[in-house]
1. So how much accessible surface do B and A hide from each other in total, probe 1.4 Å, in square angstrom to the nearest 100?
2. Cβ under 15 Å from residue B:212's Cβ, residue B:212 left aside: what net charge do those residues give with Lys, Arg +1 and Asp, Glu -1?
3. Among the GluC sites (Glu not before Pro) in the range B:79-167, which ones are in a DSSP loop with at most 12 other Cβ atoms within 10 Å of the Cβ? Mind listing them?
4. Using all C-alpha to C-alpha distances in the range A:71-207, build P(r) with 5 Å bins and read off the rounded percent in each one.
5. State the percentage of accessible surface on the range B:21-68 attributable to carbon and sulfur atoms; use a 1.4 Å probe and exclude ligands, DNA and RNA.
6. Given R₀ = 41 Å, what would the calculated FRET efficiency be for residue A:190 paired with residue B:127, taking r from the Cβ atoms and rounding to 0.05?
7. Taking just the C-alpha trace of the range B:1-60, give me its Rg and Dmax in Å.
8. Over the Cα atoms of the range B:1-147, Rg to Rh with Kirkwood Rh, two decimal places?
There are 2 protein chains.
Amino acid sequence: MEPRIGIFDSGLGGLTVFHEVAKSLQDWTLLYVGDTARVPYGTKSKETVTQYALEISRFLVAQQVQALVVACNTASAYALPALSETFEIPIIGVVEPGAQRALALTQNYKIGVIGTEGTVRSEAYPQALRALHPECEVLSQACPLFVPLVEEGWFEDPETEGIARRYLAPLQEAGVDTVILGCTHYPLLKGIIQRVMGLTIHLVDSAEEVARSLSEQLKGHALAQTATPPEHRFFVTDAPERFQRVGRQFLGGESLQKVEKITL
Amino acid sequence: MEPRIGIFDSGLGGLTVFHEVAKSLQDWTLLYVGDTARVPYGTKSKETVTQYALEISRFLVAQQVQALVVACNTASAYALPALSETFEIPIIGVVEPGAQRALALTQNYKIGVIGTEGTVRSEAYPQALRALHPECEVLSQACPLFVPLVEEGWFEDPETEGIARRYLAPLQEAGVDTVILGCTHYPLLKGIIQRVMGLTIHLVDSAEEVARSLSEQLKGHALAQTATPPEHRFFVTDAPERFQRVGRQFLGGESLQKVEKITL
């Protein structure tokens, strides 16, 4: 059987995770689902997001994936327990690897978390961090304008920098030395976030951490013969055009082939 | 039978229309549906948006509304023909009233239209304007950051003004004398848009125009006895909390009672 990993997100953002996983696990074929008909998850309730995550996972498991990456912070925060109860393959979210990495980097144990409204409201990062290190201080900040700024492609623009200064001010005042980019879109704003926070502040990129953690988990997994290079596939729940157009910048300009529309 | 009007939008924005209709048609009970589980429509395809609009309209017609307001520019642009074919009650969108009003105000027949990606891509306003006045020049500009800025409540903030200057520059350079606010969220940014465009520029507020046009259409409609004041109802497809919290500012601070979750 071809070795397959399923990755899903509410939309485009998970492509940053896809990109890192594709670099780290080059023998695996990746199946990516972007739930573009129902994006965003960040403002939706736990119940709704869990239901969507179950539907997508059922689709991917039926495609015989041997591991599942929840490349969406909101879905990781809300739906991971339900998914782990339902499916028997390894399932990895973006919260746990990010929390572990932040604790490995911080020196003053003051950690900032930025994300969507849903991720912040879920308290998933503070809970994960305190479970690993009960004394750490966690300051969360929702940055709802960052996703549309990324989708506009305004990665290095003065408007983006102004908004970043406003959102990040409370984290600076609190003296955090590490910031978790708790949304898969945010790695594309790393430059501005680093500049605003200061060059000595550690930024934790969920996409990189998931790839690292997944490589660990799948190390030694016996691999069948596979196409070289593997032919990754992309599935979306709405028309593929926008996903293809905007998605390119998440893959460093590489174009997205084979984007298929599915109904869940 | 109690006189009822159904109003729907992809989410919160249509509350600006609700607000104006409630002021103009005080004897009618309004039923509002916000499709908060599937918001936004602006980036979704025509096919998907039309399907959603049909589902919501079926729900409202089953609640015995006697007129239907599509208080969402994307849905008006995409779904109005399908809705008019399916249902026999009067159905009014936001595009036609806005286009008529713009043509009544303009003197140089250079008209700007601002809206979501979907509304702009649909070409609904240019088509409606040219159908009424073939020689008018129409310049469209998608402003995808305006909706999240409104939902942040940054109505009069420097970050919003900076972004408005950037989005509106092409309209100013083209010398438009009238701008259609082609998204139901935008009336909340009227102050900044007016300041950036200049005080002599006419702004067309879809919410006001829909209320005006609906009053015309329903004038002389025989009204049964109704509760005074009528008890409006709100339905959402995701958890009501965020809708109640953020929705207040669309109704001038008035709180939203009776928000019920429905499944379509």
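The values are calculated or read from the model by the stated rules, or taken from the named source; none is laboratory data. Since the model is a prediction, treat every value here as computed from it, not as a measurement. Because the Cβ atoms are built from the backbone with ideal geometry, glycine has one as well, and the counts that use them run over all protein chains shown. Areas reflect the complete protein model, heavy atoms only, side chains present, ligands, DNA and RNA absent. Shrake-Rupley method; radii C 1.70, N 1.55, O 1.52, S 1.80 Å.
1. 2400
2. Summing Lys and Arg as +1 and Asp and Glu as -1 gives -3.
3. Here the GluC sites (Glu not before Pro) that fit, given the DSSP loop and packing criteria, are B:88, B:135, B:156.
4. 2, 11, 21, 24, 20, 12, 6, 3, 1, 0
5. Roughly 47 percent of what the probe reaches on the range B:21-68 is carbon or sulfur.
6. With a Förster radius of 41 Å, E is 0.45.
7. 12.5, 38
8. 0.97
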